[in-house]
Structures are given as C-alpha cells and as structure tokens.
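The values are calculated or read from the model by the stated rules, or taken from the named source; none is laboratory data. What you see is a predicted model; the values in this text were computed from it and never measured. Every residue, glycine as well, gets a Cβ built from its backbone with ideal geometry; the counts of neighbours run over all protein chains shown.
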Amino acid sequence: MTDEGGYGRFGALSRVELERFFYLDDEDRKLIAGRRRDYNRLGFALQVVTVRQLGMFLADPLDVPPELIEYLAEQLAIEDSSCVKQYTDRDKTKLEHAWEIQREYGLTSYSEVEAELAAWVADQAWVSGDGPKAMFAGAVDWLRKRQALLPGPRTLERLVTDGRQAADQRLWSALTDPVTAQSASALLALLDVPEGKRRVSELERLRRGVFRASSKGMVAALDRLGDLIALGGHSLDVSMVPQRRVIGLATYGLSSKAPALRRLEPRRNRLAVMVATVKVLSGRATDDVLELFDLLMVTDLMSKAERESREEKLRRYPRVSRYAGKLAAAVRVLLEMTEIEPDLSLEMMWDLIENTATKSELRAAVAVIDELVPVDDAELNEQRLEELAGRLATVRVFLPRLMRTVVFGATADGAPVLVAMKTLGELMSTKSKLPASWLDARQVDHDLIGGGWKRLVYREGRPPETVDRAAYTLCLLEQFHRHLKHRNIFAPQSTRWRDPRAQLLAGPAWEQSREAGMNALNLPEDPGALLAEHAAAVDTAYREVAARLDSDGPASVDEDGRLHLAALKAEPDPPSLVDLRRRVEAMVPEIDLPELVLEVMSWVPGFTESFTHVSGNGARVADLGLSVAAVLCANAMNVGFKPVTSPGVDALTRDRLHHVDQNYVRSETLTGANVELIKAQAWIELAQLWGGGLLASVDGMRFVVPVRTIHARPNSKYFGRKRGITWLNMLNDQSAGLSAKVVFGTPRDSLNFIDVVQLQQGGKVPEAIITDTGSYSDIVFGLVHLIGKQYRPQLANLPDQRLWRFDTRADYGPLDQAARGRIDTDKITAHWEDMCRVAVSINACEVSAHDVTRMISRDGNPTPLGQGIAHYGRIFKTLHILRLADDEPYRREGKAQANLGEGRHDLARRIYHGKKGEMTRTYYEGMEDQLNALGLVLNCTVLWNTFYTNRALEQLRAQGYPVLDADAARLSAFIRTHIGIDGHYAFHLADLGGKYRPLRDPDAHDDE
C-alpha cells in the first residue's frame, strides 16, 4: 500500500488492501447517510478513510487512487463514482465535513499537542540520537497513537530538526564542560600524525586490539589499557549522558580516520567525539585484557595441565574409569534420593541403587579401586596441580600489572580471593630477601589453600615461615579465574565482565517497573495459584501418558522404570510433492546473487533507507543502495571488495566501498534493514502457509578462524588444530532469520541462546523456541518460561532424563519410577520476588541472560536463587518430555523447525564460500558485522525465493495443476541451484518495466 506512497499520499492499492483497510463500518455509514447527494456522501466517505489511514485531511480530497473511489462507491451503492468530482465545487463543504469528522471521531488538532510533541522529540533525540528519518517516523507514530491530526511535512520536519539540534548541543556541552584544559589537549593530541616512517596517529594505535595469546600479548594489552586510563578512560564522567549517545558518538570516532576527525569543527564537537571514543575504548580494552586472560587460563594453563595429567592417569590406571563410573552412579542415586526423600527406607534405597548397579558389581568395583588407587595417593591427586604450578613463568610477567591496572570489584564470596590476589601482586612487584622460589607465609591467605594444593604450597624442605611461590600463585589464580567466570569477581569498567547483579533492576527502578513488567510476562505477585495450576497440569499429563503406555504408541518404560521413545519414522515424499518441487524449482528464474539483492532492495524501500550515516543523518553519497549491495555481497560471500569493484562506476570504486562499509554498514543499520525483510516475508501467502511466525529455533553455525585473535577458542571436533567461533542465529517458521550473535569457540548454547532471542527486532515475537540438546538445563527451562516463552529443546538420552512431580504420594503406574524427582515449591515461593526481578530485567534487556545464567548456575552448583529457578524449570521440562512421549505432531513440528535451521546453514555455507569459508576478521565487532551481513543476504535470498516460488504456485494453479496446500507447505525457501555465486560480479538490475522476472517453463527445462 505504501510502496509508491509516502507522508500524506496513497500508493497503489490492491483489492486485498482495499478490503482490509477501507471497509466502512456501521458507525461510518450512519454519519455518511446524513448527506443527501451521492457526491457529498462519496466525498465525506473519502475524507473519513483518508484521515483514518493517512492521519490528515488532504488539501484536495480527491487526490486519491481511482480504485479507492470505486471501492467506496461500491459500498455505498453509488452507481456513478465520477459524480464525486462535484464534491469540491464548494470549498467550504470539505472544510465543514472535516470539522464534523474531527469532532465525531474524537480527533485532536495538531496545535493542541504541538508543545507536548516538541518536548517528546527533544527527550527522544537526547536519549536515542536517532537520525531525522527515524525521529520523523517516531513523531508520526506519537501523533497517531494520540489521535492527533498530522501537520504538513515541513512543519514536522522543522520540529524534528530543532529537537535534534538542541539535543546535539546539549550532548556536546555535557561531554566537554567537565574536561580540564590539560585533558582536552591530551585527547586532541591523539589525532596528530607524527612525522617519519611510521605515520600512524596515537588514536589508531589505541584502536588496534591485541591478538597474541601469550604473556607478552597480555603485557601489551595491559599497556594499551594503562595508556587509555591515563587519558581519562576511567575518570571521565559521562554518567549524565545516555549510554546510547556515548556509544553512537564513539562509533563515529572509532570508524573515522584521524585526519577526518581533525577537520571536525568546531573544536568542542571534536573534543566531545574524543571523550566518548576514549571512554568506550577503555571499556573495550578492559574486555580485551580479561578475554585474553581467560584465553590464557583455559588454553595455555589449565587445559594443558589437565591434558598432561589425564594422559599420565590413563597410562597408570586404565581400569579406574570403568569401575569408578559404577560407584559414581550409585552414589549419585544415594545423594539424589536423600535430597528428594530423606526418610526413604534402606531397603527402598538399595532397590533404587540396584537399578544402576548390582551389589556384586559394586563390590567388584570397590576392590579394583582399592587396589589401584590407595587412600592417600598424593601423586594422583596432585598431578594436574603440579603441572599447573609449573607454569608460573607464563603468569608472573603480567600478574602484578593486571592487579594494578584493572579495577576489580567482588561479592562477599569473591572478596577474600581478590584481596589475596592484590597482595600477591604487590609481593611479586617488590624485592624480597627470600629465594625466588618462596613467599613470606605471613603475607598469604592460608584459608584459601585447600585440597591437593596444600601439599604443593607447604612443600617439604621449604625454609621456615615460607610457602612455595609457584604453587600458591597458581592456587590463587585458579580460584580468581573461577570467581571471575561466575562474576563473583568483576570489572565495573568492562562491558562483558561487569557485575550482572548491578544491572538487575533494583530499588526505585524495580518498584517503578515491577507491576508493568510482571503483567507483561503474566507473572503474579503470589505464585501460589500459578503453581497449583501447574501442579494440576503435571498430574493430568502423567495420568494421560501412563494410561496410553500399553498401546502401540512410541513411548515405553523398561524394566528399570526408565522412559524410552521410539525414533520418528521418516515420512516419504508423496509423488505429488516430488513433482511439485521439481516443477517449482525449474520455474524459478536464474539470477546472480548481486542482482538478486538489488531486486529485493527495489521491492523494499525501507531496506536502503535503513542505512544511515554513522553521524545519524541520511545518505550523503549518490547511489548509496548500489554501494550497500556491493558491500553486503562482498562480506556475505567472504570475497573482499576486489571482485565487486567496478572502476568506471562511482558507487563501486574501492574507496567508495570502504567509505560505505565504515560509515553506513554497522549493527544497527543491518538490524533495521533486516526488520524490513522480515515484514516483507510475512506478507507472502506461501510464507503464511509455512507458519504464523510464532515458532522459532536457535542453532549455531561454526566458523574456523585461522588468524590470530583473542575472540576464538579451540575445539578439535569442529576446528581441528585451529580455533573458531559460533554464529548463533534464530529462525522462525516462515524461514526468516530474526536475530544472531557471535560467541567465542563452541560454548554450551544454554549460556547464550536466550540473549539471541532477546535480540530480536521486527516480526512477530515467537511463543515457542526450539533448540538442540546443547541448550538444555533446568535453569534455562525456568528462565525461558519466566520471560513468557515455551522452551522445546531436543533432548538426547531420554531414558537418563529425570522426571519431576509435585505430589510424591501420587500413583503414576509405570511412570512412578521415572517420576522420582520432587519439585520443591517452597524454594520457588521463597525466591519468587527475585525470580520475577531477574525475568523482568532480562526482558527489558537490562542484563544479559548469559551473565545471569553463569552467576546463578556456578558450574552445576547453583545458588539458592538458581535452585528456585531450576525447580520452576523442572515443571516445564517434565511437561515437555511427557508431551514428546505422547504427541507425535509435536515432535514432528520440532524436528521440521530444526531441519529449517540446517537448510539455512547449508545455504549460508554456499554463499559464504570465499577464503575456504573461514572467518578472517580479528575484531569481535568486525566478525559480528560480517556475519550480520551474511544473515541479511540470506534473508534477501529467502524473500526472493519465497516470492518467486509463490508466483510459480499461482501460475500452476491458473493452469489447472493440482497444487495441494500440504505439498506447498513442504517446499523450501533455501533452494539455490538457480543462483549464481561464483565469478566476477556485476551490480546491474535489469529493467523489468515495473514488472517481475518471467518464470521459466519447467517442461522446456526438462528437455534441455
């Protein structure tokens, strides 16, 4: 409807749009009936639907599409619609009618709300820093929601411009007024380019990250952070400025070259950019230091020590693992049952244990363990610790500087370790009369030395009043690293390693958000009634599944009481689907990827409009869309700019492409363009047949990173001897990619997938999320359902999954043994307030779900709050497992959605073919921008494929071919044989005369 329209104008209208948006209801007809003549009734109706759709009355009420006049005349039974031309013969008639419509429909004049709108624009410009188009659209939306008439476009543009200029002046002043003259000179000096061979500004040096994963690299990272702190990176106070504005200004400073920034006038504006840049850069530098520290601990210290000790253990004790496993399984049952049912009889306890291992097996295991592992096998216990302690040389180079440079904070749990680390840093920095291998025992925290470390720290033969320097250092460092991961120790100046507790809504902010936030998530203040409802649902599900277990269904219970589920049988493709798929794929036009992207951009005007300059303004270069398409394709295909440049075309020169890549293609513009594609996809009839957009899946795609960077992690299964990253992305049931996130290495998806869900912008919000087994945990089940979504992971090893119940006395027949866990409602109720606070904070994007999950799960030892959330999650885990056992369509829906993700990844690998399909960016932001560009091109391809597949289906139906909805629903949006991807690329969109590409003849294709 709006493709050819705009502010105060109608575009071309289809019959569907006329029926959807311009139907006259009974109240409309009553008002219209008050006019006597046909042309007055028709003119009045035109003004009614015009102000309803455009938000304003037109100077010429007849300046509307002819099809709209015809449709209104049809509804009013007016045979000659041309009579409406007489409506404007008397000027006052249209004005009188407009006044009456405004009065009857409760519309407010613009002058009545102008002052309030101006205040809103000023506040919005200050908080968001949005560009003029976004602000203009927001102002229109503000007026429409308040049923206020829209003014002329220039009036609204002037108001937006004034508001943005006032906000910018406020921003410059807020950032520069507190800066001293000395600090200002130091900040501006960063832009100076020294004479000589190395003509690189100091800003450019500081912008570069540190990529060498070694102790020397750590020192360099700390030096860089120290330089930024000296410039005011920590002391500059920008708390009075919205974080988004600081980041927006810093993005400009980080992406622009020093000479361009040096030319920025007036001086105050240049200084404000540098203040924001140094502030944000110091946070990133802190992130780099801690990421590098984590990488060194995981890959260079702990993993090597564990690998060497593991190899030694395996050489000495090849039989230990098998027998220890049996003992561990028995003890696990014992511990679980003492927690679930403390009063369980010894006889019943043995019955449960013998489901895992018989008494004879356990006796044999004990005998073998006694033989192979003496009670006090110090060598076995200390093997890993000795290996770790032998790596002091790696850490002593940077540890004192780490504790001096990075500002750390700690909770009560982490405080003793942080204090001890600071003391250790001081000890390592000062000269001592003791030999280099020892530390003064009076200055160490002996309470932190436990387990196998004691023997190493208090080594025999040490001098009096000393401890082993290497062992104590690594003992402390291991604990420091663990607390840092759990955020019991944190860095307030960091963006990724800060304290998640400080980000949760609290105090007045929580009280202000509490009611609205909990209502939005349907969370009651008192969980009693909600838990009773869930208890009834769990009880009903158990009884229904138990009653059907004896039938020929897929679920069964073995003699140990474990629940089994038969594998889904593949549904063969019916001949009708095979033929339809062949015909459709043969009919879709052939096209090169660059031209495909350009064609989609021509369909979706908002796509190109989303790419605004980093300064917040609109396009400042001609043919921006052409340059954007080339940059997107170069990034998505991983081929660089050389194959997509065209020296004779200004928009495709290398300099232009680099300029557009630096200033227009970034996270927020890529997201804005993706929102437009998601909306366009949802309008296509075939996409609506595939699904309603309420089901989504999250899965990861792996990329090898062959270059040196601190943002990749090892995993031999996926990356061989190299390191890599995972691109987690969310896909809905209409085949549209909704959001994505880059994570280092291959961490459990459970730590990150909720953040991917929360990143979604545009399209319907999915109600159910499907993931693979890597995302599963009881805490994640709880968090996902607390934020109002269903969680449907694919569960591996179903017989080993424990089911949970509310009523321990209930008889669930064959499921009684499987349902041995008890949901502790007391723990849920005791922590309900904090559970709701966490959920509302995550839903409001105040805190990362990744940080919350790590904070409350603590590597399998959850906090009391974590236990409450886990017990809440067990309700939905149990319901999910029982439904998997009893509802085959439910299982097939999940499997089909997971297959969609695989299809998208296959298409992504085909497109991302350059440089062996490896990621060669070294900066995290660069990785994310490139893969977001890949996601955008994927959605372009999906939209184009869906549109032309839909046209092929329409043509087949028109020709009398029997197209079954069940077959069409199984067609794929990820077909790719018709898309040209290899070679040199031409960015030229063929002139199609305002129409679409002709479909191919499927029979002619067969003959070829």
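A few notes on this one:
- Residue count for segment 173-224, restricted to those that are of a type in the set (Gly, Ala, Ser) and in a loop (DSSP other than H, G, I, E, B): 5
- Pairing residues of segment 380-405 that are more than 15 Å from residue 480 (Cα to Cα) with residues that are modelled with pLDDT under 65 and part of a helix (DSSP H, G or I), at Cβ distances under 6 Å and at least 6 apart in sequence or on separate chains, gives 383/309; 383/312; 384/305; 384/306; 384/309; 387/305; 387/308; 387/309.
- Condition met for residue 232 (of a type outside the set (Asp, Glu) and at positive phi): yes
- The residues of segment 225-251 that are over 17 Å from residue 493 (Cβ atoms) and either assigned to a loop (DSSP other than H, G, I, E, B) or touching an Asp or Glu at 6+ places or on another chain (Cβ under 7 Å) (or both), listed by number, are 240, 242.
- Residue in segment 923-946 that is at pLDDT below 95, surrounded by 16 or more Cβ atoms within 10 Å (Cβ to Cβ) and either part of a loop (DSSP other than H, G, I, E, B) or at positive phi (or both) present: yes
- Positions within segment 674-731 being acidic (Asp, Glu) and surrounded by fewer than 17 Cβ atoms within 10 Å (Cβ to Cβ), in sequence order: 685
- Residue match in segment 748-769 (condition: under 30 Å from residue 543 (Cβ atoms), touching a helix residue (DSSP H, G or I) at 6+ places or on another chain (Cβ under 7 Å), surrounded by fewer than 23 Cβ atoms within 10 Å (Cβ to Cβ) and at pLDDT 90 or above): yes
- Test for residue 961: is it assigned to a loop (DSSP other than H, G, I, E, B) and more than 24 Å from residue 623 (Cβ to Cβ): yes
- Residue check, residue 677 under 30 Å from residue 964 (Cα atoms), at pLDDT 95 or above and of a type in the set (A, V, I, L, M, F, W, C): yes
- The combined condition, being within 20 Å of residue 743 (Cβ to Cβ) and touching a Lys or Arg at 6+ places or on another chain (Cβ under 8 Å), is fulfilled by residue 704.
- Within segment 62-70, at least one residue is free of Cβ contacts under 8 Å to residues at least 24 places away in the same chain, farther than 19 Å from residue 6 by Cα, surrounded by fewer than 19 Cβ atoms within 10 Å (Cβ to Cβ) and within 50 Å of the chain's Cα centre (by Cα).
- Which numbered condition residue 872 fails, given (1) in contact with an Asp or Glu (Cβ under 8 Å, 6 or more places away or on another chain); (2) within 23 Å of residue 758 (Cα to Cα): (1)
To keep it simple, each residue is scored yes or no on (1) at negative phi; (2) surrounded by fewer than 19 Cβ atoms within 10 Å (Cβ to Cβ); (3) modelled with pLDDT of 90 or more; (4) assigned to a loop (DSSP other than H, G, I, E, B).
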site: 425; (1), (2), (3), (4): yes, yes, yes, no
site: 435; (1), (2), (3), (4): yes, yes, no, yes
site: 456; (1), (2), (3), (4): yes, no, no, no
site: 462; (1), (2), (3), (4): yes, yes, no, yes
site: 479; (1), (2), (3), (4): yes, no, yes, no
site: 493; (1), (2), (3), (4): yes, no, yes, yes
site: 496; (1), (2), (3), (4): yes, yes, no, yes
site: 511; (1), (2), (3), (4): yes, yes, yes, no
site: 515; (1), (2), (3), (4): yes, yes, yes, no
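- Subset tally (residues that are within 30 Å of residue 538 (Cα to Cα) and touching a helix residue (DSSP H, G or I) at 6+ places or on another chain (Cβ under 6 Å)) for segment 881-936: 7
- Total residues in segment 23-36 satisfying the condition of being in contact (Cβ under 8 Å) with a residue 40 or more places away in the chain and closer than 18 Å to residue 98 by Cβ: the figure is 3.
- Which numbered condition residue 838 fails, given (1) of a type in the set (A, V, I, L, M); (2) crowded, with 22+ Cβ neighbours inside 10 Å; (3) more than 21 Å from residue 522 (Cα to Cα): (3)
- Whenever a residue of segment 213-230 is of a type in the set (D, E, K, R), its partners that are crowded, with 17+ Cβ neighbours inside 10 Å, lying with C-beta atoms within less than 7 angstrom and at least six residues away or across chains, give the pairs 224/206; 224/210; 224/285; 227/206.
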